[in-house]
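K.L.:
The following block contains the structure, expressed as structure tokens.
Bear in mind that the values in this text are calculations on the coordinates, not laboratory data. Since the model is a prediction, treat every value here as computed from it, not as a measurement. Glycine also receives a Cβ, built like all others from the backbone with ideal geometry; neighbour counts cover every protein chain displayed.
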Amino acid sequence: MDARTATRAPPTPVQTIHALPDGTRVQLSFLGSDDRDDFMAGFASLSRRTRYLRFFTAMAELPAAVADRLLDTDLDNHVAIAARLVGRDGRIEPMIVGVARYHRRQCGNRNAVAEPAAAVVDALQGRGLGRLLLRAIARYARAHGVEQFRAYALADNQRIRKILRASNGVLVDTDWPVLVYDVDIAASRSKPEKNSVGR
Ligand SMILES: CC(C)(COP(=O)(O)OP(=O)(O)OC[C@H]1O[C@@H](n2cnc3c(N)ncnc32)[C@H](O)[C@@H]1OP(=O)(O)O)[C@@H](O)C(=O)NCCC(=O)NCCS
């Protein structure tokens, strides 16, 4: 069985379809090396500002080695969930329009801390996709033993800081201009997916 379609501890976002508050439908699925072309198309459509906020550097192009690492997921220590638009006719558009991921970090004997990251294409920002993706990755992480997200955000990234505060994130360190937040995801309630509309 393909590892990307293997059934793990529920809940898993394997090709689930969701509606954003404005009715836009997206499909969520695990991201892996097979998605390279669709992932690169999504990266190409990110503005310079979004790339900077995501990668903390200008990132005019995505180096192949970085793309390799971002696509080298394993459904446990490095997990990424991708979103694609669903057309009116139900067709899934190939380009990836948003990704949320976590990398588990080894802290002594503990591997219950992970670093999250997310990006949504500019045309869809502010419409609830980031929130959907971050909830999905947090839920998956929690189901796979992650208790805490350690998140890094640029100080002028008001949107992600708002999301982190809304998730009860605590500012634990500053390495200007990078702020470090801890989010206790084990404590956060696992809300049902209100806007899940099918597989
Ligand atoms: C950060 C990012 C992923 C968020 O995705 P998004 O789709 O734009 O965000 P959403 O539409 O889901 O958020 C919508 C609103 O809900 C709020 N929201 C999100 N999660 C929330 C939560 N758990 N509780 C309450 N409010 C929440 C947000 O604050 C936002 O409010 P705003 O419209 O006033 O800014 C996206 O903006 C992006 O790609 N930014 C550039 C890259 C980046 O900054 N990545 C983060 C660092 S790795």
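K.L.:
Mean-square fluctuation check for the chain, GNM, Cα pairs under 10 Å: which of L31, L133, L46 is largest?
P.N.:
Highest fluctuation among the options: L46.
K.L.:
Starting from the Cα gyration tensor of the stretch 14-90, take the square roots of the eigenvalues, sort them a ≥ b ≥ c, and report rounded, prolate or oblate (rounded when a/c is under 1.5, otherwise prolate if a/b is larger than b/c, else oblate).
P.N.:
Cα axes put the stretch 14-90 in the oblate bin.
K.L.:
When a footprinting reagent is the concern and you count Cβ atoms within 10 Å, what order do L20, L70 take, fewest first?
P.N.:
Starting with the residue having the fewest Cβ neighbours, the order is L20, L70.
K.L.:
I would also like to ask the following. Dipole of the chain, Cα-centred, from +1 at each Lys and Arg C-beta and -1 at each Asp and Glu C-beta, to the nearest 20 debye?
P.N.:
For this selection, approximately 720 debye.
K.L.:
Pull up all non-local amide H partners of R105: gap of 5 or more, or a different chain, and H-to-H distance under 5 Å with H placed in the peptide plane.
P.N.:
Residues meeting the amide H criterion: V113, A114, E115.
K.L.:
If I stretch the segment between D68 and V170 completely, what's the gain in nm (0.36 nm per residue apart, minus their alpha carbon distance), one decimal?
P.N.:
33.6 nm
K.L.:
Can I ask one more? Looking at the stretch 90-161, which trypsin sites (Lys or Arg not before Pro) are in a loop (DSSP not H, G, I, E or B) and have at most 13 other Cβ atoms within 10 Å?
P.N.:
Filter output for the stretch 90-161: R91.
K.L.:
Right, next: Rounded if a/c is under 1.5, else prolate if a/b beats b/c, else oblate: with a ≥ b ≥ c from the C-alpha gyration tensor eigenvalues square-rooted, which is the chain?
P.N.:
Because its axes are fairly even, with a/c under 1.5, the chain counts as rounded.
K.L.:
Next question. Please name whichever of H78, A187, A60 sits farthest to the positive end of the charge dipole of the stretch 9-198, dipole taken about the Cα centre and charges placed at Cβ: Lys and Arg +1, Asp and Glu -1.
P.N.:
Ranked along the dipole, the leading option is A187.
K.L.:
At 222 nm, what helix-only mean residue ellipticity would the chain give, in deg cm²/dmol to the nearest 500, using -39500 (n - 2.57) for each DSSP H run of four or more?
P.N.:
When only DSSP H runs of four or more count, the value is -7000 deg cm²/dmol.
K.L.:
Can I ask one more? Counting other C-beta atoms within 10 Å, which of H18, H144 has the fewest, and how do the rest follow?
P.N.:
H144, H18
K.L.:
At R0 = 30 Å, how high is the FRET efficiency between F55 and M95 if r is their beta carbon distance? Nearest 0.05 is fine.
P.N.:
In this case the efficiency is close to 0.95.
K.L.:
Show the residues, 5+ positions off or on another chain, whose built amide H is closer than 5 Å to the amide H of T73.
P.N.:
The list, which skips near neighbours in sequence, is S33.
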